[in-house]
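The next block holds one structure in the form of structure tokens; read it before the comments.
The values are calculated or read from the model by the stated rules, or taken from the named source; none is laboratory data. Model, not experiment: these values are computed from the prediction. Reconstructed Cβ throughout: ideal geometry from the backbone, glycine too, with neighbour counts over all protein chains shown. Protein only, heavy atoms only, side chains kept; ligands, DNA and RNA dropped before computing areas. Shrake-Rupley method; radii C 1.70, N 1.55, O 1.52, S 1.80 Å.
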Amino acid sequence: MDMELKQILELLAQPVFLARDGSVIWCNGAARGMLAEGLPVSSLLENNAMLYEVWSREGVLHLPIILGGAEYDASVLAMQAGDLFLAARRPQEVNATAAAVEHASVALRKPLHTMLNAANALFEQLEETQTEQIPAAAELNQALYRLIRLCGQMSDGAQLLLHRREAHREPTDIARFLTDFVSAARPLTESVGVQLLFTPPGRPLRGDIDCLLLERALYNLVANALAHCPSGSTITLSAQKQDFFLLLRVMDNGNGIEEGVLSTIFERFSASEFGAASQGIGLGLPIVREIARLHGGTIAVNGNPEGGTCVTLTLSLAPSVLSLRSRMVRYDGYGDLNHALVELSDVLPPEIYDPAEI
């Protein structure tokens, strides 16, 4: 790294350091009080070391790190001199805001339930001959699905961010779970001209996971990818076992991450969140990260210079802690509605939501 670049980086208030061969070789003034030259990078990554090790060194890698005992989000760029880490202090959780969002979701559910009942009564009166009413009915139905998704993000998202939600992990055939997920999502991605590809692992893959939470995380990532993929693009889901962790990757060859939102993709309630945030409240990727954390893992985002984005989730395959509690009844906030249609309602065309078809 040349002297002029070092002088520029010294001016930054954010911690910046350069690593080579797994060790810190230089850091700016903001980072010197928290680390020293020669320090192993793995000591800053905790359970994220594997994500750094498997990084292709292409584009920019985003992952959480620990500096001075505090949590930071780091952007990592591979340079000729080594890997440059630019760290930003993770925004402190505003508990009052999250609690208010949770209370608002509870208040919204009753009028939303009334709207659903009224809409269903109207849809039943539509006849096949009334073709001029079908587009309006489809738009109304899609809006209801979006409201249901929004309520789910507000309630479950607030609980996750406030650490009030536990993962109910159970022994699962993960390969079968992923196959079923793709079977449900693929027809919907194809409706907008985007292929969803998945190659099942060549050998059995089992682990303790919370299927509902992991399903929500994957739908969030697929929705984000669809929001940035023009027709003709491809989304690829892959699963790889490494040591005692599962690496789940969702890659696309779409438009990639915009420069202006690189540093805010994990901020709560961010209006510029990466993904389909125009319909949401900026909780998508923070929710995904919390779901990964509840599975003993984390998330990393890698923007590719050729275009597109790769998001990697790590999940611990170690058995979950045994509990003497009786099996809990799982509440499904979506009722009998198709989960894929709810979770992808922000990025699918209205005609998919024709009440006569679904």
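Worth a mention:
- Enumeration of residues in the range 252-266 that are at pLDDT below 90, crowded, with 17+ Cβ neighbours inside 10 Å and over 30 Å from Asp208 (Cβ atoms): Gly254, Gly256, Ile257, Thr264
- Filter pass, Gln159 being assigned to a helix (DSSP H, G or I), surrounded by 15 or more Cβ atoms within 10 Å (Cβ to Cβ), without any contact (Cβ under 8 Å) to a residue 60 or more places away in the chain and not basic (Lys, Arg): yes
- Taken together, Leu51, Leu77, Leu122 contain a single residue that is surrounded by fewer than 20 Cβ atoms within 10 Å (Cβ to Cβ) and part of a helix (DSSP H, G or I), which is Leu122.
- Sole residue being within 20 Å of Pro286 (Cα to Cα), out of contact with any helix residue (DSSP H, G or I) (no Cβ under 8 Å at 6 or more places or on another chain), without any contact (Cβ under 8 Å) to a residue 24 or more places away in the chain and open to solvent by 60 Å² or more (accessible area, probe 1.4 Å), chosen from His103, His113: His103
- Flag if Arg249 is open to solvent by 30 Å² or more (accessible area, probe 1.4 Å), touching a residue at least 40 places away in the same chain (Cβ under 8 Å) and not β-branched (Val, Ile, Thr): yes
- Note on the range 162-180: among residues that are among the hydrophobic types (A, V, I, L, M, F, W, C) and touching a residue at least 60 places away in the same chain (Cβ under 8 Å), the one that is surrounded by the fewest Cβ atoms within 10 Å (Cβ to Cβ) is Leu162.
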